[in-house]
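Enquirer: Here it is, the structure in full.
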Amino acid sequence: MIAIAAAWIMVLLAGGGFALDRVIVSAVGANFDEQLEFVLNTMLVSAEIGPDGEVRFIREPADQRFFEPGSGIYWQVSGTGFEAFRSRSLWDRALRVGAPWNDNASHIYDSRQFPGEVLRITERDLTLPGSDVRWKFQVAQNREVLDEQIAALRRVLVRSFVLLGIGLIVMVALQTLYGLFPLRRLRLGIQQLRAGETTRIEGDMPMEIAPLVEELNGLVAHNDRQAEEARRHAGNLAHALKTPLTVIMNAAAAGQSDLAETVIREARTMRRQVDHHLARARAVGRRGSAHSRADIWPSVEAVERAVARLYPNVRIDIDGQKDLQAHIERQDLDEILGNLVENAAKYGGGSVFVTARADAGFVEILVEDDGMGIPEADRIRIFDRGVRLDSGKPGTGLGLAIVRDVAEIYEGTASLEESEDLGGLLVRLRLPAAT
């Protein structure tokens, strides 16, 4: 950033310096030429024809340098057939007379007719009253004075621009280093975080960096929660598998006659636990994506078709808004709805009604059936893993537990109520809406 800024400053200063140099040279040169033209006009105003037909001045130019030989400023009047009338400063030299001009305008040019001296000459041709001769009036001055003025101004200009460029580059460097210093602090904070010296990035940060620090701290906290959930799930799974394994080992060590039945029973228990924790692990892993979203209506229709094939004698009706989206992965949404609708079809009286609607930043899905319902005292206990109120039908007792756990992972809720329309159970699933 400093190098790019320095290069750009140098380019701009070079361009600005060149433009300013042209303006200065033009202005100083124009002022120099105006002085020569002023002297020339003074000569023209005071010139007249004498008795002998030559030009003479009523009032000669008053600049003392015209009377000092080799002073560097000269004037001369020349005409055809007459000897040149010139200033004392020319001494034994004469200005070169070129071809006559066909106009009465002034003409300015540079000349090297004198060795070691570059002259700036302004001249004008005109005919004076009382004479038929075309007279050429010339005023010349050594360009050394003009060049010295330009050189002095250029030195000041270059020094000023160099100092300005150095000051701007130093300012940019300090501004860049000061502006990026919080990123160095942030890097040190991340190093400490990675080394385990702290659990979050601390310290006051500028307003431009503070949102980044907040997001990093949020990401760290999110990863910590996921890691803690993973450790807790692993511990729960290990604890859940320990008891069935102990029962199997004790039965095998005692040589019990019903060992096969014991193994099958405890293996089913372990499989339920493994399925439950795998479902939670999948949901936790997919929750990390902030872009996870699922269309509600296609999932509801897909579940309705699947359950209708399993329970052809059950009537399943669906209704609600068809453009709803929730912050959840489609696979998890299908699993939740599949459990709810299948339970309603399995334990209901033959009618299931599914409604999807929006409610204050959430998507609310209601699954109702016309079965016996669940007593209010058992509505909280039924969410526990392995709890089944109807053991006469096949199942693992993990359906509602998985629904609740996965919904909570996505910061949603699942609750049980009584259906006012069908008289059976109403499951109210709420998931954050994707806006």
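Enquirer: Condition check: under 24 Å from Gln113 (Cα atoms) and surrounded by fewer than 19 Cβ atoms within 10 Å (Cβ to Cβ). Does Glu48 satisfy that?
Expert: Values: under 24 Å from Gln113 (Cα atoms): no; surrounded by fewer than 19 Cβ atoms within 10 Å (Cβ to Cβ): yes.
Judged against the criteria, Glu48 is not a match.
Enquirer: I'd like the full set of residues that are touching a strand residue (DSSP E or B) at 6+ places or on another chain (Cβ under 6 Å) and of a type in the set (Ser, Thr, Tyr), limited to the range 1-60.
Expert: Ser46
Enquirer: How about the range 221-242: which of its residues are farther than 30 Å from Arg194 by Cβ, in contact with a helix residue (DSSP H, G or I) (Cβ under 8 Å, 6 or more places away or on another chain) and at pLDDT below 75?
Expert: Ala240
Enquirer: Which count do you get for residues in the range 40-58 that are among the charged types (D, E, K, R), without any contact (Cβ under 8 Å) to a residue 40 or more places away in the chain and farther than 15 Å from Arg88 by Cα?
Expert: Within the range 40-58, the first condition is being among the charged types (D, E, K, R), and the residues that meet it are 48, 52, 54, 56.
Next, from what is left, pick out any that are without any contact (Cβ under 8 Å) to a residue 40 or more places away in the chain: 52, 54, 56.
Next, from what is left, pick out any that are farther than 15 Å from Arg88 by Cα: 52, 54.
Here the count works out to 2.
Enquirer: Further question: Is there a residue being assigned to a strand (DSSP E or B) and either exposed (fewer than 13 other Cβ atoms within 10 Å of the Cβ) or not acidic (Asp, Glu) (or both) anywhere in the range 126-133? Please lay out each step first, then the result.
Expert: Narrowing the range 126-133 to residues assigned to a strand (DSSP E or B): 126-127.
When the remaining residues are screened for being either exposed (fewer than 13 other Cβ atoms within 10 Å of the Cβ) or not acidic (Asp, Glu) (or both), the result is 126-127.
Yes, that holds for at least one residue.
So that you can scan it fast, the table gives a plain yes or no per residue for (1) touching a strand residue (DSSP E or B) at 6+ places or on another chain (Cβ under 7 Å); (2) hydrophobic (A, V, I, L, M, F, W, C); (3) more than 25 Å from Ile336 (Cβ to Cβ):
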position	(1), (2), (3)
Leu177	no, yes, yes
Arg185	no, no, yes
Gly189	no, no, yes
Ala230	no, yes, no
Thr243	no, no, yes
Thr262	no, no, yes
Arg265	no, no, yes
Arg268	no, no, no
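Enquirer: Name the strands (runs of 3 or more DSSP E) wholly inside the range 7-120 in which the number of residues that are within 30 Å of Arg155 (Cβ to Cβ) and aliphatic (A, V, I, L, M) is 1 or more.
Expert: 73-78, 107-114
Enquirer: Looking at the range 31-46, is at least one residue at pLDDT 85 or above and within 15 Å of Ser131 (Cβ to Cβ)?
Expert: We begin by selecting, within the range 31-46, every residue at pLDDT 85 or above; these are 31-46.
Filter again for within 15 Å of Ser131 (Cβ to Cβ), leaving 44.
Yes, the range 31-46 contains a residue that is at pLDDT 85 or above and within 15 Å of Ser131 (Cβ to Cβ).
Enquirer: If you go through the range 166-224, how many residues are among the hydroxyl-bearing types (Ser, Thr, Tyr) and more than 27 Å from Ala3 (Cβ to Cβ)?
Expert: Within the range 166-224, residues that are among the hydroxyl-bearing types (Ser, Thr, Tyr) and more than 27 Å from Ala3 (Cβ to Cβ) number 2.
Enquirer: Let me ask another. Please determine whether any residue of the range 79-96 is under 19 Å from Ser131 (Cβ atoms) and at pLDDT 90 or above.
Expert: For the range 79-96, residues under 19 Å from Ser131 (Cβ atoms) and at pLDDT 90 or above: absent.
The values are calculated or read from the model by the stated rules, or taken from the named source; none is laboratory data. Everything quoted here is computed from the prediction, not taken from an experiment. Heads up, the Cβs are rebuilt from the backbone with ideal geometry, glycines too, and the neighbour counts pull from every protein chain shown.
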